[in-house]
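Heads up: the structure comes next, in structure tokens.
The values are calculated or read from the model by the stated rules, or taken from the named source; none is laboratory data. Just so you know, these numbers come straight off a predicted model, no measurement behind them. Here the Cβ positions follow ideal geometry from the backbone for every residue, glycine too, while neighbour counts run over all protein chains shown. Side chains are part of the model used for accessible areas, which takes the heavy atoms of the whole protein and leaves out ligands, DNA and RNA. Shrake-Rupley method; radii C 1.70, N 1.55, O 1.52, S 1.80 Å.
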Amino acid sequence: MTTTDINDVAKLSRLGDIAVLALDSPPVNALSARLRDGIKGGIDQALADKDVRAIVLICRGKTFVAGADITEFGKPRTGTPLPDLVDLIENSPKAVVAAIHGTALGGGLELALACHYRVAVPSAKVGLPEVKLGLIPGSGGTQRLPRLVGVQKALELITSGAQVAAPVAEGLGIVDKVVPEASLEDAAIAFARDLLAAGASHPRVRDRDDKIGPARGKPEIFAEFRKANARAFRGFLAPEYCIRAIEAAVEQPFDDAVKYERSLFLELVAGSQSAAQRHVFFAERQAWKVPDIADDTPTIPVAKVGIIGAGTMGGGIAMNFANAGIPVTIVEMKQDALDRGLGIIRRNYEATAAKGRLKPEDVERRMGLLSGALDLSALADCDLVIEAVFENMDIKKDVFGKLDGIVKQGAILATNTSYLDVDEIAAATARPDHVIGLHFFSPANVMKLLEVVRGEKTAKPVVATAMQIARKIGKIAVLVGVCHGFVGNRMLAQRQREANKLILEGAMPWDVDRVLYDFGMPMGPFAMSDLAGLDIGWSKETTSSSTVREILCEMDRRGQKTGAGFYDYDEKRRASPSPVTEKIILDLAARKGITRRAISDDEILERCIYPMINEGAKILEEGKAIRASDIDIAWINGYGWPVYRGGPMFYGEIVGLDKVLARMKEFEARLGPDFKPAALLEKLVAEGRGFK
Ligand code: NAI
């Protein structure tokens, strides 16, 4: 056997008439310029070697090429372009066999699809996840995959970015042969030798038409797919571009369609959506890192969890732990409240099981991990206790005072408070260093965000444990400091205030909602209030007819649950603008002496969003969030901020912080101190910098 180093990441060996091109670029063999050059050099050399009759392309380390090197995006390209490499391989007169282990993703799969054959070990996975970064595959993926799996499957795989396990990929026609886990290289070489012995041809995927031919001249296939996914794809460019590229694969000659795919890719890679989605990709990874807490900080083993309060939040929080296999004791004040809480959890699981997403035995296993109690003493041996009782400081202090005397030393005492001062709650115990905020979002079993609220005295191992446990229960944690509403709700309050001012000044709730929905939010502030219930925090005793919400509550229009709120609802809970609400607003505006005026959609958007960005800047300046990207992650995962807009802070940068500041100043002059710019915003603009 002879071996040549092509470069530092590619080696070519020859075993008889088979050349093995081995790539070794840890950690994931990403398609960097060096790797692409290494592959090109290796293929060129194997093609020039007259003794070589077939080539095996294989990777060292834990995976096949797991994707593009996304740090190269947005920078000038160097090295062999992937489309050229893919052509070189596909047009090779000698058969090329991809030997896949780990994951072949994105450009990695495009490389493999250009090979004449693909063999893979059973644990391998393949996929084209570009859409998740706001892109489409740009090196033939949208052209070759449909030729192997058919149009419908290709649409599903490429627009979802889903990964497929090798045995399934074999069934779909992506992988030619699944080979034993432990002998990929030998099996791939044997596969190549068999091909040579059989005198097999070197089929090019580009030449195949059997799977795409039947879809030709049938635009309805694509129209139906668009319609079926309209909700999921709303606002995103990339899924639509994937569909167009696949449509081109069916309708246009290969070379034309490949060019078209490339043009769509280049447009997306230069656009703001992909920039936003790539920002989110990195931001999510970064959010876990706490600068002053070393990776080796000891953590507290959490084998048993206690939850106080089986209401809206307590029940959902408990499900997270049961789902992760951790036993939970839930404490309520009365048996009926406990029974109600556990009953709702069971119904939740059963509804999931009815949809086929959970096995009946898993419902029982998870319910079996939950036990109820009426006395805090049942929590004595818990490692983590999460309080989710009423949002009232006196009650919370009372609970924490009692917990301090009951729960074992070394355990973490956490509060799910939305707004209250975690330091004040901690001061009700003799162990404030073991008190922390774990702010879940409703519904707590669904929403990804967990705000981990670090108190003034919270010990580092307690913070480290909270971050670790968040990961374990499948949440995305953002570490925040103590302030009113923490990061998410503090910024939300800005938007709510402006939304409520706008409807008195001239807009209607449905105007505000439409603008924010079209921006990409799942729903506008008034639809959201109707859903949550307008009477949260409202009381009959203290109501004073001074806000639209109060008047609505006084009229028993308390939101969807009463069939009316800001909107009217029909029996199917479909909303329509309400003449009643309109009259309430006009009357209240008149009573307050406000002269209504026409308000543009732009003003609605800027008034709702720029003060949030400004508040985010204050949060940063006060050190209540570690980095701007953490704020983005909170808004994407806790409030449905559209991923393709990257979060409020990233959006501010896309708009231009100078423009945001200028508008804030105009609003301040016209509308008062709600718009006072944050010092940090002024500073960054003066220095010509962004939040990073
Ligand atoms: P809830 O009213 O639905 O549930 C509170 C439960 O705690 C009730 O079942 C009550 O019986 C029980 N409880 C009260 N005092 C107790 C005590 N001393 N011992 C045992 N159980 C007791 O309230 P919800 O909505 O679940 O809120 C709980 C906490 O979570 C509040 O601090 C709230 O601010 C916070 N939160 C609420 C969110 C929401 O969307 N509902 C979102 C995030 C946080």
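Restricting to segment 520-560, name every residue that is open to solvent by 20 Å² or more (accessible area, probe 1.4 Å), in a helix (DSSP H, G or I) and not acidic (Asp, Glu).
Correct list: ALA527, MET528, SER529, LEU531, ALA532, ARG549, ILE551, GLN560.
Could you tell me whether any residue of segment 453-468 is within 15 Å of the ligand (Cβ to nearest atom), at pLDDT 95 or above and either touching a Leu at 6+ places or on another chain (Cβ under 8 Å) or in the same structural domain as ILE633 (by TED's automatic domain parsing) (or both)?
yes
What residue, of ARG53, ARG118, is more than 28 Å from the chain's Cα centre (by Cα) and open to solvent by 10 Å² or more (accessible area, probe 1.4 Å)?
So the residue among ARG53, ARG118 that is more than 28 Å from the chain's Cα centre (by Cα) and open to solvent by 10 Å² or more (accessible area, probe 1.4 Å) is ARG53.
Residue by residue, here is whether (1) out of contact with any helix residue (DSSP H, G or I) (no Cβ under 6 Å at 6 or more places or on another chain); (2) among the hydrophobic types (A, V, I, L, M, F, W, C); (3) within 24 Å of ALA95 (Cα to Cα) holds:
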site	(1), (2), (3)
GLY134	no, no, no
GLN143	no, no, yes
THR159	no, no, no
GLU185	yes, no, yes
LEU196	yes, yes, yes
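Go through segment 363-403 and give me each residue that's in contact (Cβ under 8 Å) with a residue 12 or more places away in the chain, more than 16 Å from the ligand (Cβ to nearest atom) and more than 28 Å from ALA430 (Cα to Cα).
VAL363, ARG366, MET367, LEU369, listed by residue number.
Among the helices (runs of 4 or more DSSP H) lying completely within segment 174-238, list those that include at least 3 residues that are free of Cβ contacts under 8 Å to residues at least 40 places away in the same chain and under 26 Å from ALA257 (Cβ atoms).
The helices (runs of 4 or more DSSP H) meeting that bar are 219-228.
For PRO301, which of the numbered conditions (1) surrounded by 12 or more Cβ atoms within 10 Å (Cβ to Cβ); (2) under 29 Å from ALA459 (Cβ atoms) fails to hold?
(1)
Are any residues in segment 152-170 open to solvent by 10 Å² or more (accessible area, probe 1.4 Å) and either in contact with a Phe, Trp or Tyr (Cβ under 9 Å, 6 or more places away or on another chain) or not assigned by TED's automatic domain parsing to the domain that holds GLY106 (or both), and if so, which ones?
Of everything in segment 152-170, those that are open to solvent by 10 Å² or more (accessible area, probe 1.4 Å) and either in contact with a Phe, Trp or Tyr (Cβ under 9 Å, 6 or more places away or on another chain) or not assigned by TED's automatic domain parsing to the domain that holds GLY106 (or both) turn out to be GLN152, GLU156, THR159.
So ILE136 passes all but one of these: (1) part of a loop (DSSP other than H, G, I, E, B); (2) over 24 Å from GLU251 (Cβ atoms). Which condition number does it fail?
Checking ILE136 against (1) part of a loop (DSSP other than H, G, I, E, B); (2) over 24 Å from GLU251 (Cβ atoms), the one that fails is (2).
As an exercise: evaluate GLU622 against (1) closer than 30 Å to PRO443 by Cα; (2) surrounded by 15 or more Cβ atoms within 10 Å (Cβ to Cβ) and give the number of the one condition it does not meet.
The one condition GLU622 does not meet is (2).
Being open to solvent by 80 Å² or more (accessible area, probe 1.4 Å) and charged (D, E, K, R) is the filter here, so list the residues in segment 186-207 that pass it.
Matches in segment 186-207: ASP186, ARG193, ASP194, ASP207.
Quickly run through segment 405-419 and pick out the residues that are open to solvent by 10 Å² or more (accessible area, probe 1.4 Å) and more than 14 Å from the ligand (Cβ to nearest atom).
GLY405, LYS408, GLN409, GLY410
State the number of residues belonging to segment 26-35 that are open to solvent by 10 Å² or more (accessible area, probe 1.4 Å) and within 30 Å of the chain's Cα centre (by Cα).
6
Which residues, taken from segment 528-561, are of a type in the set (A, V, I, L, M) and away from the ligand (no atom under 16 Å from the Cβ)?
VAL548, ILE551, LEU552, MET555
Inspect segment 143-161 for any residue being of a type outside the set (A, V, I, L, M), part of a helix (DSSP H, G or I) and touching a Cys at 6+ places or on another chain (Cβ under 6 Å) and give the result as yes or no.
For segment 143-161, residues of a type outside the set (A, V, I, L, M), part of a helix (DSSP H, G or I) and touching a Cys at 6+ places or on another chain (Cβ under 6 Å): present.
Could you check segment 582-617 and list, in sequence order, the residues that are within 30 Å of GLY646 (Cα to Cα) and touching a Leu at 6+ places or on another chain (Cβ under 7 Å)?
Within segment 582-617, ILE599, ILE604, ARG607, CYS608, ASN614, ALA617 qualify.
Considering only residues that are without any contact (Cβ under 8 Å) to a residue 12 or more places away in the chain and either in contact with a His (Cβ under 9 Å, 6 or more places away or on another chain) or more than 14 Å from the ligand (Cβ to nearest atom) (or both), which ones fall in segment 308-361?
ARG347, ALA351, THR352, ALA353, ALA354, LYS355, GLY356, ARG357, LEU358, LYS359, PRO360, GLU361
Give segment 85-107 a look and list any residue that's within 29 Å of the chain's Cα centre (by Cα) and within 23 Å of ASP255 (Cβ to Cβ), or say none.
Residues satisfying the conditions are GLY106, GLY107.
Of everything in segment 451-496, what is open to solvent by 10 Å² or more (accessible area, probe 1.4 Å), assigned to a helix (DSSP H, G or I) and under 17 Å from ILE412 (Cα atoms)? Give them in sequence order.
Those that are open to solvent by 10 Å² or more (accessible area, probe 1.4 Å), assigned to a helix (DSSP H, G or I) and under 17 Å from ILE412 (Cα atoms): LYS460, PRO461, ALA464, MET467, GLN468, ILE469, ARG471, LYS472.
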